[in-house]
1. Got a sec? Which of A:Val219, A:Val186 is buried (at least 18 other Cβ atoms within 10 Å of the Cβ), assigned to a helix (DSSP H, G or I) and β-branched (Val, Ile, Thr)?
2. Show the residue pairs meeting these rules: Cβ distance below 8 Å; 6+ apart or different chains; first residue within the stretch B:67-82 and on the phi > 0 side of the Ramachandran plot; second residue part of a loop (DSSP other than H, G, I, E, B) and hydrophobic (A, V, I, L, M, F, W, C).
3. Considering each of B:Phe214, B:Phe182 in turn, give the residue that is at the interface with chain A (Cβ under 8 Å from one of its Cβ atoms), over 21 Å from B:Lys41 (Cβ atoms) and of a type in the set (Phe, Trp, Tyr).
4. Please verify whether A:Val91 is modelled with pLDDT of 95 or more and assigned to a loop (DSSP other than H, G, I, E, B), treating the condition exactly as stated.
5. Taking interchain pairs and intrachain pairs at least six residues apart, which have beta carbon atoms under 8 angstrom, with the first residue in the stretch A:197-210 and in the same structural domain as A:Ala231 (by TED's automatic domain parsing) and the second assigned to a loop (DSSP other than H, G, I, E, B) and of a type in the set (Lys, Arg)?
6. Going through the stretch B:200-210 one residue at a time, which ones are within 13 Å of A:Asp78 (Cα to Cα) and either part of a loop (DSSP other than H, G, I, E, B) or more than 8 Å from chain A (Cβ to nearest Cβ) (or both)?
7. Restricting to the stretch A:163-183, give me the number of residues that are surrounded by 17 or more Cβ atoms within 10 Å (Cβ to Cβ) and within 30 Å of A:Phe141 (Cα to Cα).
2 protein chains.
Amino acid sequence: MADIVTAAMIVIGDEILSGRTKDQNIGHLADVMTAIGVDLKEVRVVSDEEDAIVDAVNALRARHTYVFTTGGIGPTHDDITAESISKAFGVPCEYDERAYGMLEAHYAARGLEFTEARKRMARLPRGADHIDNPVSVAPGFRIGNVHVMAGVPSIFQAMLDNVVPSLKVGQKLLSATVHCPFGEGVIGGPLAEIQKSYPDTIIGSYPKYLDGSFWTELVVRARSQETLEQATASVQAMVDGLATRQL
Amino acid sequence: MADIVTAAMIVIGDEILSGRTKDQNIGHLADVMTAIGVDLKEVRVVSDEEDAIVDAVNALRARHTYVFTTGGIGPTHDDITAESISKAFGVPCEYDERAYGMLEAHYAARGLEFTEARKRMARLPRGADHIDNPVSVAPGFRIGNVHVMAGVPSIFQAMLDNVVPSLKVGQKLLSATVHCPFGEGVIGGPLAEIQKSYPDTIIGSYPKYLDGSFWTELVVRARSQETLEQATASVQAMVDGLATRQL
C-alpha cells in the first residue's frame with residue numbers, strides 16, 4: 001500500500017482577509033490534490049506580515065509532505081513572501097541569477113524598464129528551484145517541501161500544473177456519492193452505524209438546504225475499491241429503506 | 001482612539017479540503033468584519049478531526065478578540081464541533097435543556113420523529129449561550145470568545161447577523177481605492193516610498209491580469225480620515241504622473 005501523502009496550503013494576503021478579493025485558489029488546489037490522491041489536511045489564510053507567514057510555514061512544513069503557498073510574490077512592497085520563506089528556512093533571500101536574466105530579457109524584449117520593483121521578483125531564497133510561470137515569466141519557487149506560487153488564479157493554476165508532475169502522489173482516495181432526499185436528522189443515526197461497520201472508510205454527510213427543505217449528499221471515501229463498493233451499497237440500502245418507509 | 005479588535009475564523013469540514021464544497025463563508029465573514037471595523041487576521045480550514053479542531057480553537061482564541069467557526073454542528077456522526085469545542089474549553093458537552101426543548105417542539109409540530117441524531121444538535125458545551133438559528137432551529141452557540149455557527153451559507157449568514165450586534169466593534173478601518181492602469185512592476189518602487197511616508201496606513205496593491213496585460217487596484221487603508229485622504233492623494237498623484245509620462 002502506498003504511503004499517505006498529506007499537504008497544507010497557506011494563502012497569503014490581506015486582500016482575502018479584508019474581503020476585497022474572494023479566494024478562488026483553495027477550491028482549485030483541493031480539487032487537484034483530491035484528483036491525484038494527496039490529502040489536503042489544512043489551509044491557513046494569513047496576512048501580509050512576516051511573522052504570520054514564517055510561523056505558518058514552519059508549523060506546516062514540519063507536519064505535511066507538501067506545503068503550497070499562494071500570493072505575495074509580485075514586485076510591490078507588500079509582496080514579502082520570498083523574504084518570509086527565506087527567513088523560515090534560515091537562508092538569505094538574494095537575486096537568483098537565472099530569474100534575473102529571464103526577467104531582464106522579458107522586459108527588454110518589450111521595451112519596458114527593468115525597474116527596482118520588477119527586479120524584486122528575481123529575489124529568491126538561496127537554493128530554491130524555479131516553478132515556471134508561463135503567463136508572466138516571474139517564477140514561483142520550491143524550497144524543501146514548500147511550493148511558492150502566485151495569487152492571481154490563472155497564474156497559480158498554470159504554476160500548479162507545472163508542479164504536479166514532480167509530486168509523489170498517494171494512493172488515490174476513491175469516492176462515491178449517494179443522493180439522499182432526507183435531512184441529516186433522519187439519517188444521522190443509521191449513517192453513524194454504517195461508519196462504525198466500515199472503519200476504513202470516511203463517510204461524509206453534506207447538508208443542503210433549498211427552498212425550505214433539507215437534503216443531503218452522502219459521500220463515501222476509501223482507498224480500496226472493494227471497501228468503497230461495500231460501504232456505498234450499505235448507504236444506498238439505508239436511503240432506499242427510508243424512502244420505502246416514507247411511501 | 002478605540003481598541004483594535006481582531007478576529008480569526010475556523011472553517012471545519014473535510015468537504016472543503018476535498019474540494020467537494022467550495023467555501024463561501026470566508027468571503028462573507030471577511031466582508032462583515034471589515035464593515036464593522038474588526039480586523040480578520042487569520043483563517044484556518046481544518047478537517048473533521050477532534051485534535052485539529054481543538055488545536056486551532058485554543059491557538060486562536062488566546063490570540064484574538066473573537067473566533068468564529070463554521071461547520072460541523074449538524075446531527076451526523078461527522079459533526080463533532082460541539083464536542084471538540086467543549087474539549088478545548090475543558091467543560092462537559094451535554095444536553096442543553098432549552099435547545100432540547102426547542103428542537104423537540106420543532107419536530108413535534110411537524111410530525112417528525114425526534115431521533116437520536118436530531119437530539120445531538122441539543123448537545124452544547126456547558127455554559128454556552130445560544131446563537132439563534134432562524135432557518136432550522138438548531139442553535140449555534142457562544143462560549144468565551146468563540147462563536148460556533150453552521151456551515152450551510154444561508155444559515156451561517158443568518159446566525160452571524162444575530163451575533164454582530166453583540167460584538168465590541170473596533171475603530172473602523174477606512175479605505176480608498178485608486179485604479180491604476182499600470183502593472184506592479186511599474187509602480188512597485190514609488191508605491192513603497194509612499195508607504196514609508198505614511199506609516200499609519202496600510203497600502204495594498206492587488207494585481208489584476210486580463211487579456212494579456214496587468215493593471216492594479218491600489219487600496220489605502222487608515223483609521224483616520226485625514227491620513228487616508230493624504231495618502232490616497234499621494235497615490236493618485238503617482239498614478240497621474242506615470243500616466244503623463246506615458247503620453
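1. Matching residue, one of A:Val219, A:Val186: A:Val186.
2. B:Gly71/B:Ala150; B:Gly72/B:Ile80
3. Residue meeting the stated conditions: B:Phe214.
4. The answer is yes for A:Val91.
5. A:Asp200/A:Arg223; A:Gly204/B:Arg20; A:Tyr206/B:Arg20
6. Answer for the stretch B:200-210, where residues must be within 13 Å of A:Asp78 (Cα to Cα) and either part of a loop (DSSP other than H, G, I, E, B) or more than 8 Å from chain A (Cβ to nearest Cβ) (or both): just B:Thr201.
7. Number satisfying all stated conditions: 4.
For (1) assigned to a helix (DSSP H, G or I); (2) more than 19 Å from A:Val152 (Cβ to Cβ), each residue gets a yes or a no:
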{"site": "A:Ile4", "(1), (2)": "no, yes"}
{"site": "A:Met9", "(1), (2)": "no, no"}
{"site": "A:Asp31", "(1), (2)": "yes, no"}
{"site": "A:Ser86", "(1), (2)": "yes, yes"}
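The values are calculated or read from the model by the stated rules, or taken from the named source; none is laboratory data. Please read these numbers as outputs of a predicted model, since none were measured by experiment. Cβ atoms come from the backbone with ideal geometry, glycine included; neighbour counts cover every protein chain shown.
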